Structure formats: C-alpha cells, structure tokens
1. For the stretch 32-142, which fully contained strands (runs of 3 or more DSSP E) count at least 2 residues that are without any contact (Cβ under 8 Å) to a residue 12 or more places away in the chain?
2. Residue 54 versus (1) farther than 25 Å from residue 271 by Cβ; (2) among the hydroxyl-bearing types (Ser, Thr, Tyr); (3) surrounded by 15 or more Cβ atoms within 10 Å (Cβ to Cβ): which is the lone unmet condition?
3. Please name all residue pairs, on different chains or six or more residues apart, with Cβ atoms under 6 Å, provided the first residue is in the stretch 184-200 and is over 12 Å from residue 308 (Cβ atoms) and assigned by TED's automatic domain parsing to the domain that holds residue 234 and the second residue is in a helix (DSSP H, G or I) and of a type outside the set (A, V, I, L, M, F, W, C).
4. Quick check: anything in the stretch 225-236 over 30 Å from residue 132 (Cβ atoms), in contact with a Gly (Cβ under 9 Å, 6 or more places away or on another chain) and among the small types (Gly, Ala, Ser)?
5. Hey, can you tell me all the residues within the stretch 58-106 that are among the polar types (S, T, N, Q) and within 12 Å of the chain's Cα centre (by Cα)?
6. Taking the stretch 27-42 on its own, how many of its residues are more than 20 Å from the chain's Cα centre (by Cα) and surrounded by 15 or more Cβ atoms within 10 Å (Cβ to Cβ)?
7. Name the residue, out of 296, 233, 276, 260, that is without any contact (Cβ under 8 Å) to a residue 24 or more places away in the chain, surrounded by fewer than 19 Cβ atoms within 10 Å (Cβ to Cβ) and of a type in the set (Lys, Arg).
8. Inspect all residues belonging to the stretch 151-170 and state whether any of them is more than 17 Å from the chain's Cα centre (by Cα), part of a strand (DSSP E or B) and either within 23 Å of residue 226 (Cα to Cα) or not assigned by TED's automatic domain parsing to the domain that holds residue 215 (or both).
Amino acid sequence: MTRFVVFGAGAIGAAIGGRLFERGADVLFVARGDHGRALREGGLVLVDADGARTLAPKVILDPAQLELERQDVVFLAVKSQHTDHALRVLAEKAVSTIVCAQNGVANEPKAASLGVRVYGMMVFSPATRLVPGRVEVFSKPLGLNRLGAWPRGRDSLSGLLSERLGEAGFPTEETDRIDSWKYGKLLSNLGNAVQALCRPADDGSKVVEWAVAEAERCYAGLGIESVPLERIRELASRLTLIAIDGRVRGGGSTWQSLERRSPSIETDFLNGEIVRMGESLGIETPVNRRLVELSRIAVEGGLGPGCFSVAELMP
C-alpha cells in the first residue's frame, strides 16, 4: 500500500493529507514548531464544507527521524524558502518519489537534482492555517489541481495520484505540461505580496497588473511557455467560496505568513523569481523588486498584513 508522507503539513499539506487520511490512506505528517506539536498531541482539526472534525494521522517533528520505503510518495508542501533544507533531509533517506505541491517554479528542478521521480502539482485551494493544529478550507470543492511528471509528461503514477486526490475532495487533472501550469500559477501568485502588504482600504490591482506585465516580458525573453493568466483565473473561479463560522478567508499564503508573524516569507520565490529572470535578461523589474523589498521589511519588523499604502508599493 502506498504511504503518503506530507513533508510540511501546513495549510495545503495538512488539508490534502488530512482528507487522504480520512479516506483510509496511510498518511504521515512531517511538521515543526507549535503547529507540529499541536498536530501530534491533539490531532488535526480540519474544517471545511463538511464541518469540523479531528483527525489523527501519524506525526513526526524531527525530519531526521523520518524513515522512508521505496513505495512512499512524498508530498513536498513546505514553503519554497524551506525547500533546500527539506531536500537535504530527503537526500539522506530512501526517497524515490516527490510531488511538489508548492508555489513557485524553483522547487521541481531542485528535487529532480536528487535523481528521483518528480511530479509537479499546481494547487488552487483557499486553505488557511493561522493557529497551531487547525486548518480551514474556504471552498467547495476543496481545491482544483493540475498534476504531471516534471517537467513534462504523465505516467501511471500521475494517474493514480490524480485519482486519489480527486476522491479526497481535490479534483486533480493530469497534464503533459505541468511546467506551463506552474509558470501560469506563478503569474497569479505575483499578487500575493500586494494582498498581504497593501492596506485593505487601498486598491492594489494596478500594482498586480504591472508586476504581471514585468513577468510576461521576462517569460517572452526566456522563451517560457506559460498557461495564460486568464486561464488560471478562470480555473480559480470554479471554486465556490464558503464562510466558516461566519468568517470569510482572510488572505492567501503570504498574508497568512504575515498574520502569524512568521520569520520568513516566500516572496523571494514568487516576485523574486521574476527579479532574477529580469537580471539575467537585462530587463528592469522595479515593481516586483519593490514587493520583495517591502516583504522583507514587513517580516523583519513583524508588521503584519496591510502595513503599507498602495503608493508605498510603487518603486
């Protein structure tokens, strides 16, 4: 029987792993800090359209204690800034298959450098983790995914994984071009920092528009084939958003990091990815660069979401 190891059981990882566990799968969470301890001591409180329940998959807090077998499938669900550490751990284990259920486009190539089977997974899910041990998913279905072998192709395992995820409430479509989907998702994630940093009363839509335009110029310069942003947004629109306990979702993954006063943030691997592309091409990317700078300031200062005016987001 395939065991699913969720390395990084945060909002996305715990939601996916919890639903797989709920449907009888063998699931192991690798989680750290207060959240990991809460999962191990009290279980995962998973709240979605089906209500709230407490699930008790196995949890380990120290990745060094992880023992893998060849049939295990590792869902890598840490934020991109933690990927290098996670892969150093996995390189010392008998890892054979990694599914990168992450934002950004840097994770799959790094995982592939281990010489193992790698699958990319584009995840669209309004999952939220603000307090230790509790994950809320504010939509029906729980998410809409694309999955395929990295960088291109599909095989029997990608088909099996897509089927199992669909049964768990995350409809997942196989694709031969997961690389294009991940680059398309990156375009949509360029607005994460704007949502997190901009005051709620301000309209940051123009800033997002300019950040995306910079990215599209870089994509063109590098010959990157990307699923159009309009198609990504259309996919997201198929989710029916719900309220939980009378609350709507506060914000995306970057917003959640600021809300929790996390010591790091993934903007370096979203907007920062575009900055690095621009540098390689000699293309200016001032808006994305500014968003990276302000994200670092917000994290270092423990400022929380909505800490800048829209004017301050401009370079």
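1. 51-55
2. Among (1) farther than 25 Å from residue 271 by Cβ; (2) among the hydroxyl-bearing types (Ser, Thr, Tyr); (3) surrounded by 15 or more Cβ atoms within 10 Å (Cβ to Cβ), residue 54 violates only (3).
3. 190/271; 192/254
4. Among the residues of the stretch 225-236, at least one is over 30 Å from residue 132 (Cβ atoms), in contact with a Gly (Cβ under 9 Å, 6 or more places away or on another chain) and among the small types (Gly, Ala, Ser), which makes the answer yes.
5. The answer is 80, 81, 83, 102, 103.
6. Of the residues in the stretch 27-42, 3 are more than 20 Å from the chain's Cα centre (by Cα) and surrounded by 15 or more Cβ atoms within 10 Å (Cβ to Cβ).
7. The unique qualifying residue is 276.
8. No: the stretch 151-170 contains no residue that is more than 17 Å from the chain's Cα centre (by Cα), part of a strand (DSSP E or B) and either within 23 Å of residue 226 (Cα to Cα) or not assigned by TED's automatic domain parsing to the domain that holds residue 215 (or both).
The values are calculated or read from the model by the stated rules, or taken from the named source; none is laboratory data. What you are looking at is a predicted structure, and each value in this text was computed from that prediction instead of being measured. Heads up, the Cβs are rebuilt from the backbone with ideal geometry, glycines too, and the neighbour counts pull from every protein chain shown.
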